[in-house]
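Taking it in order: structure first as structure tokens, then the write-up.
Taken together, the values in this text are just the output of simple stated rules run on the coordinates, not laboratory data. Please read these numbers as outputs of a predicted model, since none were measured by experiment. Here the Cβ positions follow ideal geometry from the backbone for every residue, glycine too, while neighbour counts run over all protein chains shown.
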Amino acid sequence: MKIGILLSQEHRLLSVAAIQDLFETVNRFYVEDGKAPFFEINLVHNDQKQSYLYSDYNLKQADAETLYDIILIPAFKDNKIVDGLQKNRSWIPWLTQQYKQGAALASFCTGAFLLASTGLLDNKPATTHINAKMAFSTAFPEVLLESDAVVTEEDNLYTSGGATNTFHLLMRLVENYCSRKIAVRTAKVFSIDMDRKKQTYFGTFLPIENHGDDIVKKTQDKIKTHYKEAITIEEIVTGIPASRRNLVRRFKLVTGVTPIEYLQKTRIEAAKNLLENSRQNIMEVMLESGYNDLKSFRTLFKKNVGMTPTAYREKFSA
């Protein structure tokens, strides 16, 4: 099978290296079993300057004649998504044409932004880095974002969540195109737990604050200051010079969530921090985070994080 790994502008070197390393490992398995390598691995570029780091590998200039079975879109560098999209718009017609001619397209982490820019993901499921979900849903409202999903697949279009979720999409591709046996063999080499179903618990609530809306910023500041107090959102927004309806509309437009959702996310993030870094018991964590009902706290925590407070502590506490 002919694989094309996209050397997009502002791509993460680690993302390309992980993809390449894994498929090279699969090829080695086939050779060890007395067979021809299963994948022909190509690094595809449309700018000679992008290829200098990969001079020792099988480099191919993107053209209309060469067709690929699978095209892999790596993640963008941190804080380079917007810049990366602008610099990579020339890839969109080529990706669209390759897909129409039968190629499967797979994006890794924030590479989903480039794949979504083709329009091919409209009305289809997709995922990306958990901390980029708000930016993604705002930029591509027609895509059915499944922010907690590790991998999505529909109509030969694949996406994966952040960072190490790359390997889970690679495992899916190896299983789909090679076999379950080869996928398991590869997972053992790379120490990949193939049963990961969600990436929710890896997320961090990082609200946008430099948006320029003073009313919304004032509300955010009040929530940040008073989230520990077990009070309602109505009490928090008292004194904000805007009607409740207008405030909620502006708040959601700017932050992507309502004030009450923002309060819940702030409290849950505080609880996660305490579970990671303190020796307080679950009841103390609950109270310190602004909750006063243990059952409700456990339910909200699991809904937002994907696991119970106890399980989260066991996974992340030092």
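Total residues in segment 180-234 satisfying the condition of being within 27 Å of Leu170 (Cα to Cα) and charged (D, E, K, R): the figure is 9. Residues in segment 197-222 that are part of a loop (DSSP other than H, G, I, E, B) and either among the hydrophobic types (A, V, I, L, M, F, W, C) or in contact with a strand residue (DSSP E or B) (Cβ under 9 Å, 6 or more places away or on another chain) (or both): Lys197, Gln199, Phe205, Leu206, Ile208. Counting only residues that are within 13 Å of Ile41 (Cβ to Cβ) and within 19 Å of the chain's Cα centre (by Cα), segment 6-17 holds 3 of them.
Inspect all residues belonging to segment 205-215 and state whether any of them is touching a His at 6+ places or on another chain (Cβ under 7 Å), more than 26 Å from Leu72 (Cα to Cα) and of a type outside the set (Lys, Arg). No: zero hits.
Only a single criterion out of (1) among the aromatic types (Phe, Trp, Tyr); (2) under 13 Å from Ile3 (Cα atoms); (3) more than 26 Å from the chain's Cα centre (by Cα) is not satisfied by Tyr68, namely (3).
The single condition from (1) surrounded by 23 or more Cβ atoms within 10 Å (Cβ to Cβ); (2) under 25 Å from Val254 (Cα atoms) that Val151 fails is (2). Residues in segment 1-37 that are part of a helix (DSSP H, G or I) and of a type in the set (Lys, Arg): Arg28 alone. Against the definition (over 26 Å from Val305 (Cβ atoms) and either surrounded by fewer than 21 Cβ atoms within 10 Å (Cβ to Cβ) or over 15 Å from the mean Cα position of the chain (by Cα) (or both)), how does Asn156 come out, yes or no? Criteria met by Asn156. Does any residue of segment 164-186 turn out to be among the aliphatic types (A, V, I, L, M) and part of a loop (DSSP other than H, G, I, E, B)? The answer is no, given that none of the residues of segment 164-186 is among the aliphatic types (A, V, I, L, M) and part of a loop (DSSP other than H, G, I, E, B).
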